[in-house]
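Q: Right, I'll just put the structure down here and ask away after.
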Amino acid sequence: MRIESILHSGIIFAFPTKHFNMKILKYIGIGIVVLFLLFLLVAAFLPTEVTTKGELYIKAPSSTIFYHVNSMKNWAAWSPFQRADTTMEITYRGSESGVGSEMFWTNPRHDSGIQVISESFPHSYIRMELDFFTGGKAYSTWSFEETGDSTLVSWKVFISELGYPMGRFFGLLMPSMMKPMHEQGLMNLKTISE
């Protein structure tokens with residue numbers, strides 16, 4: 001390999017030739033392609049769905065807590081999502097509570113979506129369907145189990161059909177992103193129920 005040198009103030013600076021520069025660029029390009037292919041390969045083996053969960057004992061009857069969750073309008077009093085984002089515009093549709101109660105939201109910074117209660121068994125279980133339109137679909141479940149003078153409240157979110165490849169990597173972050181929301185929402189429910 002030929003190296004051209006320049007003597008400047010008694011110091012020799014070495015500059016590789018054009019041929020050497022092209023060789024380095026070729027290796028960098030191959031490295032980038034290999035990393036990209038590795039990224040795609042890893043994504044292919046990541047799960048296409050993720051579940052997040054929060055639980056808390058609340059010293060209140062299940063009927064009291066159920067009331068706050070079983071109507072989309074009641075979510076304004078405790079929802080961590082609504083408290084975290086005051087720019088969200090919310091419209092309520094459908095039934096006042098129970099099956100068919102809907103909450104539609106729009107947000108200038110994020111996607112729009114809709115949440116609908118699809119199953120409701122008084123004081124024990126609620127299932128909600130979530131549609132984020134461009135961001136995919138999910139569903140959440142709530143269970144209320146009375147134990148003595150308290151109720152164990154369990155809130156789970158199931159996200160499926162995570163897109164390939166970015167959605168699958170995003171799915172890895174979901175449990176850590178949702179954990180504070182579960183905790184805050186359940187603590188807010190505790191505050192207004194006890």
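The values are calculated or read from the model by the stated rules, or taken from the named source; none is laboratory data. Note that the structure is predicted; figures quoted are calculated from it, not measured. Cβ sites come from the backbone with ideal geometry, for glycine too, and all protein chains shown count toward neighbours. Heads up: the accessible areas ignore ligands, DNA and RNA and are worked out on the full protein's heavy atoms, side chains in. Shrake-Rupley method; radii C 1.70, N 1.55, O 1.52, S 1.80 Å.
Q: If you average the alpha carbon positions of region 30-75 and of region 87-151, how far apart do those two centres end up, in angstrom?
A: With region 30-75 and region 87-151 each reduced to a Cα centre, they are spaced 14 Å.
Q: Rg and Dmax of region 57-194, Cα atoms, in Å?
A: 15.1, 47
Q: Which of the helices in the chain, when you take each full DSSP H run, stretch at least 20 Å along the axis at their Cα atoms and have an average Kyte-Doolittle score of -1.0 or higher?
A: 18-44, 166-193
Q: Sticking with this structure for a sec: What accessible area per residue, rounded to a whole number of Å², is obtained for region 88-179 using a probe radius of 1.4 Å?
A: Dividing the accessible area of region 88-179 by its residue count gives 55 Å².
Q: Now, a different point. Magnitude of the Cβ-charge dipole of the chain, K/R +1 and D/E -1, about the Cα centre, nearest 20 debye?
A: 1080 debye
Q: What distance in nm separates the simple spin-label points at TYR27 and ILE90, each placed 7 Å from Cα in the Cβ direction?
A: My value for the distance between the label points is 5.8 nm.
Q: Let me ask something additional. Give me a comma-separated list of calculated 3J(HN,Hα) values for region 81-96, in order, Karplus coefficients 6.51, -1.76, 1.60 applied at θ = phi - 60°, integers in Hz, x for any Gly or Pro.
A: Working through the residues one at a time gives 6, 5, 6, 6, 9, 7, 7, 5, 9, 10, 10, 9, 9, x, 6, 5 Hz.
Q: Excluding residues on the same chain fewer than 8 positions from LYS190, give the lysines whose Cα lies under 24 Å from its Cα.
A: LYS53, LYS59, LYS73, LYS156, LYS179
Q: Counting only other residues whose beta carbon sits under 15 Å from that of SER62, what net charge do I get with K and R as +1, D and E as -1?
A: Every neighbour counted, the sum reads -3.
Q: Okay, moving on. Nearest 0.05, what FRET efficiency do GLU102 and SER160 give at R0 = 30 Å with Cβ-Cβ as r?
A: So, using R0 = 30 Å, E works out to roughly 0.90.
Q: For region 121-186, with the dipole built from +1 on Lys and Arg beta-carbon atoms and -1 on Asp and Glu ones, taken about the Cα centre, which of MET166, SER140, MET181 lies farthest toward the positive end?
A: MET166
Q: A further question on this structure: What does the charge count around PHE132 come to, taking other residues whose C-beta lies under 12 Å from its C-beta (Lys +1, Arg +1, Asp -1, Glu -1)?
A: My count for the surroundings of PHE132 gives -3.
Q: Calculate one ³J(HN,Hα) per residue across region 147-164 by plugging θ = phi - 60° into the Karplus curve 6.51 cos²θ - 1.76 cosθ + 1.60, and present them in order as whole Hz with x for glycine and proline.
A: Taking θ as phi minus 60°, the curve returns 9, x, 8, 10, 10, 7, 9, 10, 10, 10, 10, 10, 10, 10, 6, 5, x, 9 Hz for region 147-164.
Q: In region 89-164, which trypsin sites (Lys or Arg not before Pro) fall in coil by DSSP and have 14 or fewer other Cβ atoms within 10 Å?
A: Qualifying residues, ordered by number: ARG109.
Q: When the accessible area of the chain is split by element with a 1.4 Å probe, what percent falls to carbon and sulfur?
A: Its accessible area is 63 percent carbon and sulfur atoms.
Q: If each DSSP helix of 4+ residues adds -39,500 (n - 2.57) and the sum is divided by the residues in the chain, what number results at 222 nm, nearest 500 deg cm²/dmol?
A: Value at 222 nm, helices only: -12000 deg cm²/dmol.
Q: Over the chain, what is the mean sequence separation of C-alpha contacts under 8 Å (at least six apart), divided by residue count, expressed as relative contact order in percent?
A: 26 percent
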